Amino acid sequence: MKTVTLFTGTESTRLELMAQLESILQGVVEIESYAINNGLSKRVSPDLVVLSTDLICSEAAPWFDASCPCITARRTLNMTRLDELFAIPVGQKLLLVNDAQETAEESVALIASLGLTHFEMIPYYPGCGITGGLERAITLGELDLVPDFVSRVIDIGPRIIDLTTVVEILERLDLLDEKANLVSARYFETIIRLHRQLYQSMEEKGRLNTYLMQVLDGVNDGILGFDRSGRITMFNQRCEEIFGLNHRKAVGRSIQHFFKSEEVDFLLNSEDGADLAFVFNQREYILNRFTVETRGAIVSTIRDSAEKDRMQLTLRRDLLRKGHVAKYSFDDIHGTSQVLLEAISNARKLARTELSVLIQGETGTGKELFASAIHKASGRSEGPFLAVNFSALQEELVESKLFGYVEGSFTGASKGGKSGLFEQADGGTLFLDEIGDISLRIQARLLRVLQEKEVMRVGGTDIIPIDVRIIAATHRQLSELCADGAFREDLYFRLKRLYLNIPTLQERRSDIQTLFKWFLQRNNREALSLSSEVQAFFQAYTWPGNVRELESVAEYLAAVCESPVIGLENLPPDLLMPRSVTTLKPEQPPLERDDLSLILQWIKEMRSAGQRVGRRSLAQIAEKQGIPLSENQIRSRLEKLEALGKIRIYNGRRGVELSSE
């Protein structure tokens, strides 16, 4: 198979373009990619080199053979990310943030060429000299370059590769005639999906504007549409209830039939986004209006002000009662080490966007703490925050927990069914902890939900639209799981739109004393102090359980220590035991010992037959033999066999081998 190497300037661009090329060229060519700002370590010699921009040509050139053909990709905007730009107020000034003057100015021109000229964009790039004055910015995946004085960011993602470049790649590899139909079908698949809703929203008198249909489907307010003369063209069911008139009789009438002159003037002449309170049948409502330029029409929402206040109060109380609120903010993250402050700074930037976030960190480092803080600092802070830990959830319960179920869908299903976490988190954030532990089947369903922003309950047929931001976390290396076939690459790229690494306690040793004092204070034992021997021990200890382990030690000492100064003799006994003694070849329970012997026998048989050994193939053998071992359980058994020196586990196609091989 022909090979292509992609070079980009930044990691965010690499992830975006790699995901795009793989979705289009998967099975056609082999693709590898490198980001210049990550540093390069090896020279490559593919059939074709693709550069994301001319600006990186000199930096990339030493890392591929001069004989390799090389092209620069033509780039265009990702149309699926432009929704927020339409909501920018008319006349507002914003920064357009990119990595260089040329790319920033090109991006301004691209956005303007789409007709998005109702706001003003000022190019911003490193060294441009702008030091303040504007609070909003647009960026193309370069969140790290957004200046600190900007309070709100719209990230429309890196520019993607256009179709002409895809065709040129195939042409350079002599694959155009053979693969053109397949690749073009994949390229336009996304565009077709985006327009599907438009074709489904046909009404008796023709198509409605897509934005109008989204409003109609998504809110519980009156929706009134009319032309510039005031003639009504849309009158939804809620309007019928408010005004007591069937829509067939309302459409075609003038808005003067329902509103006073002051209200008519507001509807016809006020600015987009303006509000006006009015009274009808002794009830107060709030009018909001916007213009649909392409249709020459005006749309107004009509909301019952009392109902709005009541619903918001009820929702907030219900969220508090259920515990569906973020408990922690950035103020709850204690420490002053440089690595921690950098992580907090990055997290604050991530909070400004709506994109999914992948948090990487060892067990006990505070991944949920950061997820909660990101939610609290985001535009969704008033919405729900729900969390699920996949490592603590049985495989058969994951699907119904996430997506909900309808009555009668399985034995034991509650009467009337139950909403899943995605529905409950609508308008807020869903934290998926230990995402690396879910099965491939659940991964496929999760990917569809993230792509389509809709769910279907287990056993149901209704499509339920959702508006949820995803923050996922793991202590595993998902890229390695992808190479092993245990995690979907398309889901990995979808989750890793934004990335945050949480430092271990070893990496922030200067915070140990601060954290320990905080935990003592929380347990009303702030008067306790550490002896110099304990201080030295804490600094030398590896803290495999990270902050969570330090918290447990502090709680133990707060409960049992009677001396005002904590000495080595006061520490938990297991803390002082050498790690090698406590971790070397641990005794296994009888049933687990049987599993280890059985799995080792399967590996020997498969290797003797020349077969590749992996978790999936072992799980299939277990299933055929009626042995209840999931892929997750097999993974833990394999890790223990490797710790015992029986096997070696390799990434990629090599899989599992016996140590004696």
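Tabulated data for the structure shown
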| item | result |
| --- | --- |
| Residue in segment 31-43 that is farther than 24 Å from Cys128 by Cβ, modelled with pLDDT of 90 or more and loosely packed, with under 15 Cβ neighbours inside 10 Å present | yes |
| From the options Leu21, Leu15, residue that is farther than 18 Å from Arg172 by Cβ, of a type in the set (A, V, I, L, M) and crowded, with 21+ Cβ neighbours inside 10 Å | Leu15 |
| Residues (closer than 29 Å to Leu116 by Cβ and touching a strand residue (DSSP E or B) at 6+ places or on another chain (Cβ under 6 Å)) located in segment 268-289 | Asp272, Asp275, Leu276, Ile286, Leu287, Asn288, Arg289 |
| Leading residue by the ranking (farthest from Ile154 (Cα to Cα)) among those in segment 349-403 that are among the acidic types (Asp, Glu) and in a helix (DSSP H, G or I) | Glu396 |
| Among the residues listed as Tyr541, Tyr499, the single one being over 34 Å from the mean Cα position of the chain (by Cα) and either under 26 Å from Thr429 (Cβ atoms) or of a type in the set (Phe, Trp, Tyr) (or both) | Tyr541 |
| Evaluation of Gly222 against (1) more than 23 Å from Ile88 (Cβ to Cβ); (2) surrounded by 12 or more Cβ atoms within 10 Å (Cβ to Cβ); (3) modelled with pLDDT of 85 or more (one fails), failing number | (3) |
| Cross-chain or 6+ apart pairs with Cβ under 7 Å, segment 414-438 first and among the polar types (S, T, N, Q), then assigned to a helix (DSSP H, G or I) and crowded, with 18+ Cβ neighbours inside 10 Å | Thr429/His375 |
| Number of positions in segment 594-639 that are assigned to a loop (DSSP other than H, G, I, E, B) and loosely packed, with under 13 Cβ neighbours inside 10 Å | 7 |
| Test: residue in segment 504-523 that is surrounded by fewer than 20 Cβ atoms within 10 Å (Cβ to Cβ), within 18 Å of Glu399 (Cβ to Cβ) and under 29 Å from the mean Cα position of the chain (by Cα) | no |
| Segment 360-397, residues that are within 16 Å of the chain's Cα centre (by Cα) and of a type in the set (Val, Ile, Thr) | Ile374, Val388 |
| Among the candidates Glu507, Glu549, Glu569, Glu555, residue that is under 30 Å from Arg14 (Cα atoms) and either in the same structural domain as Ser337 (by TED's automatic domain parsing) or part of a helix (DSSP H, G or I) (or both) | Glu507 |
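The values are calculated or read from the model by the stated rules, or taken from the named source; none is laboratory data. In this text the structure is predicted, and so the values were computed from the model without any measurement. FYI the Cβ positions are ideal-geometry reconstructions off the backbone, even for glycines, and counts take in every protein chain you see.
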